[in-house]
Amino acid sequence: MNRQAQAVIMLLLGGAVLRTSLTDLYLRYVKAGLRPFLICAGVLLVLAAIMTLWYEFRSTDEREHDHGGDDGHDHGDGKPHREPMIGWLIIAPVLGLLLVAPPAMGSYAAGQSGTALSTADQSDFPPLPAGDVVPLTMLDYASRAVFDKGQSLGDRKVRLTGFLTTGADGRQILARMILSCCAADARPIKVGFAGQGPTGLADDSWVEVEGTYSDQQVKDGVNGEIIPFVEVTAWRPIEPPKEQYE
């Protein structure tokens, strides 16, 4: 494709990146801390596209004279040749980013991947903060429940937030996708329900669960890692949080 077309696609891509990063949409793709880099990348793409268009339109007369007014390329045989149209397929992901806003990864992705909890997560666990109900991340609770045998949890009541997904045994469990960088490396942390867990809700429903440590465990049917449980004392459905990845 010619440079004008390249510049237009670059402008669309930069605009799509800016649109995504200046709203909460970017949280569906990357970690929150990457927002400044996305904004900078979008601005640079837009500026590069504008500069390319300015240069091309500024020298239009000169190029038309050099190429005889044809957009094709002369390969030495006196006949203009155009580049393959397949190059225009590059616009597909750009349009997808502009027109489609896929949801954050949920129950289907969690069901296809084994829990991210592994022996590499073992560490010393500090005391829980003061408070009647302690909000914990799924990774923190699961790590304490499995590797600390619940000693740092004791009988303290904790609060976990995640979405429902169906486990290998057909029962619903709580899950939350964790990121190292972006959605491409997202993996789930899974916690089962002991006691009266959520009922009557479809997979991908977000819930807030309160409960205490349970020594019940099962092995993940996907990768064989341990899935801990929480003794549920209360739960309620909630709206999906703005930042759905942990």
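The values are calculated or read from the model by the stated rules, or taken from the named source; none is laboratory data. The model shown is predicted, which means the values in this text are computed figures rather than measured ones. Virtual Cβ from ideal backbone geometry, glycine too; neighbours counted across all protein chains shown. With ligands, DNA and RNA removed, areas are computed over all heavy atoms of the protein, side chains included. Shrake-Rupley method; radii C 1.70, N 1.55, O 1.52, S 1.80 Å.
Numbers for the structure displayed
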read-out	value
Label selected from [x] 0.94; [y] 1.05; [z] 1.45, the criterion being Cα Rg over 2.2 N^0.38 Å as computed here	[z]
Gap separating the Cα centres of segment 214-239 and segment 157-195, nearest whole Å	8 Å
For Y29, solvent-accessible area (1.4 Å; no DNA, RNA or ligand), Å²	70 Å²
Charge-dipole axis of the chain as Lys and Arg at +1 and Asp and Glu at -1 on Cβ define it, positive-most pick from I227, A92, L117	I227
Local electrostatic count, I226, Cβ distance below 9 Å [Lys/Arg +1, Asp/Glu -1]	-1
Average Cα contact separation per residue, segment 86-164, under 8 Å, 6 or more apart, as relative contact order %	30 percent
Number of Lys pairs (Cα under 25 Å; 8 or more positions apart or on different chains) in the chain	10
Where labels lie 7 Å past Cα in the beta-carbon direction, separation of D132 and A168 in nm	4.0 nm
Shape parameters for segment 1-44, alpha-carbon atoms, Rg then Dmax in Å	11.7, 36
Per-peptide average of other Cβ atoms within 10 Å, ordering 217-227, 104-114 highest first	104-114, 217-227
Taking the chain and dividing mean pair separation by its residue count, relative contact order in percent (alpha carbons under 8 Å, at least six apart)	19 percent
Cα gyration tensor shape of segment 106-246, rounded if a/c is under 1.5, else prolate or oblate by comparing a/b with b/c	rounded
MRE, 222 nm, helices only [DSSP H, n ≥ 4, -39500 (n - 2.57), over the chain, to nearest 500]	-9500 deg cm²/dmol
Sum of side-chain charges, Y108 neighbourhood, beta-carbon under 13 Å (Lys, Arg +1; Asp, Glu -1)	-2
Neighbourhood net charge (12 Å Cβ-Cβ; Lys/Arg +1, Asp/Glu -1) for P240	-2
Accessible surface, per residue, of segment 181-246 when the full set of protein chains is kept, probe 1.4 Å, Å²	50 Å²
For the chain, size of Cβ-based charge dipole, Lys and Arg +1, Asp and Glu -1, in debye	540 debye
Antiparallel content of DSSP bridges confined to the chain, in %, to 5	80 percent
Magnitude of the charge dipole, segment 196-246, Cβ model with Lys/Arg +1 and Asp/Glu -1, debye to 20	100 debye
Per-residue SASA entry for T20, accessible area with 1.4 Å probe, Å² rounded to 10	10 Å²
Accessible surface of the chain [probe 1.4 Å, protein heavy atoms]: carbon and sulfur percent	58 percent
